[in-house]
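Student: Provided herewith is a single structure, encoded as structure tokens, for subsequent inquiry.
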Amino acid sequence: MADLLWFATAGGKTEAYLEVTAYTMALRRLQGEIESRRGDHGIAVLMRYTLRLLTLQQFQRAAALICACETIRRADIPKWGETPFRLGLWVGNKATPNTLAVAANSLRQGNVGGRPSFTGTPHQMTSCPWCGCEIREQHLRVYEAPGDIGRCVTYCGDNLGRCEFTERSAPKEGLPVMVVDEEIYRRPPSLLIATVDKFAQMPWNGQTQMLFGKVTEVCDRHGFLSPEVQDGRSHPARNGLPSVKNRPQGFLRPPDLIIQDELHLISGPLGSMVGLYESAVDELCSWEVDGKKVRPKVVASTATIRRAPDQVQKLFVRKLEVFPPHGTNIRDSFFAIQRPTGPEYPGRRYLGISAFGRRYPAAMIRSYVAHMAAGQVLFDKYDRLADPWMTLAGYFNSIRELAGTRRLVDDDIRARLRDTDQRGLARRRLRALEELTSRKSGTDIPKILERLEAAFDTTLEAQREAERKAGQRPSTAVPYDVILATNMISVGVDIDRLGLMLVAGQPKNTSEYIQATSRVGRSSSGPGLVSTVFNWARPRDLSHYERFEHYHETFYKHVEALSVTPFSARALDRGLSGVMVGLIRLWDAHLNANLKAGEVADTDPIWAEVFDLLKRRGGNATNDPTVSARINDMLDRRRDEWLRRVHNQEDHRLGYKPEGAATVGLLEQASNKDWEMFTCLNSLRDVEGTVDLVLAQRSTGLRVE
């Protein structure tokens, strides 16, 4: 059974599953040891997201929960155990470092004013989730192995040491967060937040088996080990640490709960690959208790979905249970009450704009100027009470459209705002403009999200001006006048103060429109206003404008059904090799190390176990016996090819991936070359190669090559 938390946007879904997370972690500790597996080690909850921005923001929100859990644990160690509650962030290397060496290098480069744009940073928290003090890069420490504990620690920035998570109060522990892959594998956190496409690393990286509790040894200084981990058998005393020797360690308890947020985003090519790789994740999270197989609990959440039972069956091979139940009265279902809009419950208003016969850029310029100047009128009259309408969020269907409007904001709109007092509104100076798109690095996003919380307030503005005149660094950030975003902002960005949005054209999907526009008007501080500027030259925009009122009264019923086909022929071509190799490599320890790819035997029972699992899952997900036959045939061909390469080892060795000149890789990176039998994805999004268009200037004009 999979539970779907299906609730309206801004209804508290995140808070609901964070409570379930805390309950699961606590219950696991109280249960103690089961089947020789202790409850205080290993990952208890695996939380997955699809978008980088969504993942980073939910990481910051979950950090406050983990800080609370850790504070409770420290107050009663006999009850909750010696092992700290920790939170891990497992995302791509463009957001966070893969190793401690890369993390240390990133901090060194950051301290001297530079950092390569293609590497991640461990500085993912800009303020302490417990006390609110600012966290700068100098508050992070990397204790590299083997001489030290092998951790990247984030400390609270409170210079007086009053917070429980400062370097003085919690030396070499700090905040209970981990952002470097290397230490996440060695010390699996209680809660792991990840992007779904990160699980493409399972066949490539043998250390990922440690996330599922598959460990073989433990080092008291550096944490758990698996065959893929390169670590000495013992370490001498150093840096005040005693000498240690590795000890044998049985498997840890696997994750008990999987939370899949924003289920409606698991669709299309990405959803199909996620559903295929879920075969391996589900099996690796399962274990036996009293001879009975125990699978992880799955909880998904969304506000916009249709035909959910079919999607859940194909993704998770489970029946669906919707929570909360509908009840008998739509206005009061016990879990939710529908209230009439008024001063206490302001709500959200939608407005459609279409300037017939005028160029679309001109309509966008006038709309931006009118909304921003009107917000200034309210601010001049009501000061901070008008803050919800002072930051204008612009939503775009593509980066191309956003880039065009950004140029307009920097030029035409900025100039027009200086003269709006002559048109009955108020003059406004545009000071801060930013964008939230895929063009932003993992280093910039946390800073942008924090600055979005900064409010317009004349008192704070006067304070900043006084600090600037005194030569001091301003204690508060200048709030954004305009934030331009693509669908990166459409889910999970919970900035309560935002109350004004301009949408450039009707978004492609109704679910995307609902999610994006729900980013404003989320608090009781003021009603949200969403204005959609339609392009009258586009038939689809014109159609939505003509039936604007009816569409918005019923737009939840217009949510599109999703397409997920994880066991279709083309999805199997792209992903079956990765799933098969991942299962064989991570299921047990005897084939985990890189060079073990060349030692697999023809009669190894792992073949039959993996084949049976994948055939059954494909048949159960689709209720089509021909799918099982297709999977069996494809697996047979992959096994034969793998064994052929094992038997042909003469002047080389076979590994899962290349390792020096003498080791040839079984797996091949996806590229523009022909797709081979063991070509394997590095990201679940890269299912097809990129096609480059070269525009060549000729005397006769432009030619596309």
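Student: Nearest 0.05, what FRET efficiency do residue 569 and residue 466 give at R0 = 41 Å with Cβ-Cβ as r?
Tutor: Efficiency, rounded to the nearest 0.05: 0.05.
Student: Once both axes come from the Cα atoms, what is the angle between helix 268-284 and the longest principal axis of the chain, in degrees from 0 to 90, rounded to 10?
Tutor: 40
Student: Can you give the charge dipole size of the stretch 348-558 about its Cα centre, rounded to the nearest 20 debye, using +1 on the beta carbon of Lys and Arg and -1 on the beta carbon of Asp and Glu?
Tutor: Its charge dipole is roughly 460 debye.
Student: Expressed as a rounded percentage, what relative contact order does the stretch 1-149 have, with Cα pairs under 8 Å and six or more residues apart?
Tutor: The normalised contact order for the stretch 1-149 reaches 17 percent.
Student: Follow-up question, since we're still on this one. What number, rounded to the nearest 500 deg cm²/dmol, is the helix-based mean residue ellipticity at 222 nm of the chain, given -39500 (n - 2.57) per DSSP H run of at least four residues and division by all its residues?
Tutor: Estimated from H runs of four or more residues: -10000 deg cm²/dmol.
Student: Then there is this: Please compute the volume of the convex hull spanned by the alpha-carbon atoms of the stretch 572-680 and report it per residue in Å³. If you can, show how the numbers build up before the last one.
Tutor: Values: hull volume 11.4 nm³, N = 109.
Considering the Cα atoms of the stretch 572-680, their hull volume per residue is 105 Å³.
Student: Follow-up. Could you sort out which of 293/557; 172/297; 198/615; 245/447; 381/469 sit more than 31 Å apart by Cα distance in this structure?
Tutor: Going by Cα-Cα distance, 293/557; 172/297; 245/447 fall outside the 31 Å limit.
Student: Next up: Report the one residue of 303, 422, 564 whose Cα lies farthest in the direction of the positive end of the charge dipole of the chain (charges on C-beta: Lys and Arg +1, Asp and Glu -1; origin at the Cα centre).
Tutor: The Cα lying farthest towards the positive end belongs to 422.
Student: Moving to a separate point now. Taking 2.2 N^0.38 Å as the expected size of a compact globular protein, what ratio does the Cα radius of gyration of the chain give against it, to two decimals? It would help to have the intermediate numbers written out before the result.
Tutor: Numbers: Rg = 27.2 Å, N = 705, 2.2 N^0.38 = 26.6 Å.
Rounded to two decimals, the normalised Rg is 1.02.
Student: OK, next. In nm, give the distance between the simple-model label positions of residue 385 and residue 438, each being 7 Å from the Cα along the Cα-to-Cβ direction.
Tutor: 4.4
Student: Now for a different question. Between residue 423 and residue 633, 0.36 nm times their residue separation minus their Cα-Cα distance comes to what?
Tutor: On the way: separation 210, 0.36 × 210 = 75.60 nm, distance 7.31 nm.
Extra length available between residue 423 and residue 633 comes to 68.3 nm.
Student: Going toward the positive end of the dipole of the chain, with +1 on Lys and Arg Cβ and -1 on Asp and Glu Cβ, which of 18, 372, 696 do you reach last?
Tutor: 372
Student: Need the full-extension length gain, residue 74 to residue 543, defined as separation in residues times 0.36 nm minus the C-alpha distance. One decimal, nm. Please report the intermediate quantities before stating the final value.
Tutor: On the way: separation 469, 0.36 × 469 = 168.84 nm, distance 6.00 nm.
Value of the extension gain: 162.8 nm.
Student: Counting other Cβ atoms within 10 Å of each Cβ, which chymotrypsin sites (Phe, Trp or Tyr not before Pro) in the stretch 93-200 have at most 14 and sit in a DSSP loop?
Tutor: Within the stretch 93-200, the qualifying chymotrypsin sites (Phe, Trp or Tyr not before Pro) (loop, at most 14 other Cβ atoms within 10 Å) are 118.
Student: Please report, in debye to the nearest 20, how large the charge dipole of the chain is about its Cα centre when each Lys and Arg carries +1 at its beta carbon and each Asp and Glu carries -1 there.
Tutor: 1420
Student: Relative contact order, percent, of the chain when contacts are C-alpha pairs under 8 Å separated by at least 6 residues?
Tutor: Values: 1308 pairs, mean separation 108.5, N = 705.
About 15 percent, as a whole number.
Student: With the convex hull built on the Cα atoms of the stretch 348-558, state its orientation-averaged projected area in nm².
Tutor: Averaging across all directions leaves 12.5 nm² for the Cα convex hull.
Student: I'd like the distance separating the alpha-carbon centroids of the stretch 76-110 and the stretch 193-252, in whole Å.
Tutor: What the calculation gives is 14 Å, centre to centre.
Student: OK, next. Residue 674 to residue 403: FRET efficiency via 1/(1 + (r/R0)^6), r the Cβ-Cβ distance, R0 30 Å, to the nearest 0.05?
Tutor: Values: r = 35 Å, r/R0 = 1.16.
That pair, residue 674 with residue 403, gives E of 0.30.
Student: Near residue 657, which aspartates and glutamates are there with a Cα under 12 Å away, not counting those fewer than 8 places off in the same chain?
Tutor: Within reach: 668.
Student: Where does the stretch 451-525 land on the Kirkwood hydrodynamic radius, alpha-carbon pairs, in angstrom?
Tutor: Result for the stretch 451-525, one decimal place: 14.4 Å.
Student: If you don't mind, there's one more thing I want to ask. Once you keep just the Cα pairs under 8 angstrom separated by 6 or more residues, what percentage relative contact order results for the stretch 572-680? Mind dumping the intermediate values first?
Tutor: Details: 113 pairs, mean separation 30.4, N = 109.
Computed value for the stretch 572-680: 28 percent relative contact order.
The numbers here are math on the coordinates, done by the rules we state, and not lab data. Computed from a prediction, not measured in an experiment: that's the story for all the values here. Don't worry about glycine lacking a Cβ; one is built from the backbone with ideal geometry, like all the others, and counts go over all protein chains shown.
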